[in-house]
Amino acid sequence: MANKPDFVCWWLAAAKAGVKAAFVNSSIKSNALACAIDSAAADLVIFDAESSTEMASAGDLIRAKNAGVRLLHWDSLETPVAGATCLTIEALNQEFPGAATTRPARTEEYRRSVVTMMSVFGYIYTSGTTGMPKAAAITHWRMWAFGSFMAASTSLTETDVIYMCLPLFHSSGGALAIGAAIHTGCTIALARHFSVRRFWQDINRY
């Protein structure tokens, strides 16, 4: 999934539920994409319209490696990916009215006893410069520490704004920046990607 708030919402929801999230590079294709998904032993792949073409071309490869994997096309009513399920925010709001404006209940005690700070939060991938990207396991404690370090080392407060143009699937974007915002309550100005032309305009704007 590209740089968008939806990506953060999905992995926060996964963490809340005790489910591991894999931060797959949104620019990889074909066999590299299938290998990345397979290396995390994913049960569910969530993708959006911007990555639907890559998913359509890699769908057979993904299923060849993991026949039981489910594919979810997020925020769309139709999909070019064979066998994928579509889900929209409107459908979620109808299924769970008021959920978007309601503080979630405390995680059940049985789940808190199983998922600890040393449990695996998810996977962040290596760059793949010497082969296929490899999934590196990251604990909940490590994710917490990333955000804590960023917040403390830069003296961030809730009135600050972090301009984030790095990919959220990287540790710098997903763990350091988002983690710091969670720790401090500061604002994230999220760009889809780095742009030489727009960089200083965005800095001045936000």
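Just so you know, all these numbers are worked out from the coordinates, no wet-lab data involved. This one's a predicted model, so the numbers in the text were calculated from it and none came from an experiment. Methodologically, a virtual Cβ is constructed for each residue, glycine included, from the backbone with ideal geometry; neighbour enumeration extends over all protein chains shown.
Which ordering of Trp74, Trp10 is given by a fewest-first count of other beta-carbon atoms within 10 Å?
Fewest-to-most ranking of Trp74, Trp10: Trp10, Trp74.
Springs between alpha-carbon pairs under 10 angstrom, Gaussian network model over the chain: which of Asn25, Asn93, Asn66 fluctuates most?
Asn93
For an R0 of 22 angstrom, estimate the FRET efficiency from the Cβ-Cβ distance between Glu109 and Val19 and round to the nearest 0.05.
For Glu109 and Val19, the calculated efficiency is 0.80.
How high is the relative contact order of the chain, given as a whole-number percent (alpha carbon pairs under 8 Å, six or more residues apart)?
20 percent
Checking the a/c ratio against 1.5 first, then a/b against b/c, what shape does the Cα gyration tensor give for the chain?
rounded
At a Förster distance of 30 Å, what's the computed FRET efficiency of Asp60 paired with Thr159, Cβ-Cβ distance as r, to 0.05?
Details: r = 50 Å, r/R0 = 1.67.
Calculated value: 0.05.
Under the 0.36 nm per residue contour assumption, what length would be gained going from the current alpha-carbon distance of Ala100 and His170 to full extension?
On the way: separation 70, 0.36 × 70 = 25.20 nm, distance 2.70 nm.
That works out to 22.5 nm of additional length.
Picking from Val19, Val196, Val81, which is most flexible by a Gaussian network model of the chain using Cα springs under 10 Å?
Fluctuation is largest for Val196.
Grab the beta carbon distance between Arg70 and Thr116, set R0 = 35 Å, and tell me the FRET efficiency rounded to 0.05.
Between Arg70 and Thr116 the formula returns 0.80.
Give the Kirkwood hydrodynamic radius (Å, one decimal) of the range 140-206, defined as one over the mean of 1/r across all pairs of different Cα atoms.
12.1 Å
Mean-square fluctuation check for the chain, GNM, Cα pairs under 10 Å: which of Ala82, Ala32, Ala180 is largest?
Ala82
So which lysines pass the test for Lys134, namely a Cα distance under 17 Å, with those fewer than 8 places away in the same chain ruled out?
Within reach: Lys20, Lys29, Lys65.
Mind giving me the nanometre distance, one decimal, between the label points for Cys9 and Ala137, set 7 Å out from Cα along Cα→Cβ?
Modelled inter-label distance: 3.1 nm.
Taking the simple approach of a point 7 Å from Cα along Cα-to-Cβ for both Ser127 and Ala41, what is their distance in nm?
2.9 nm
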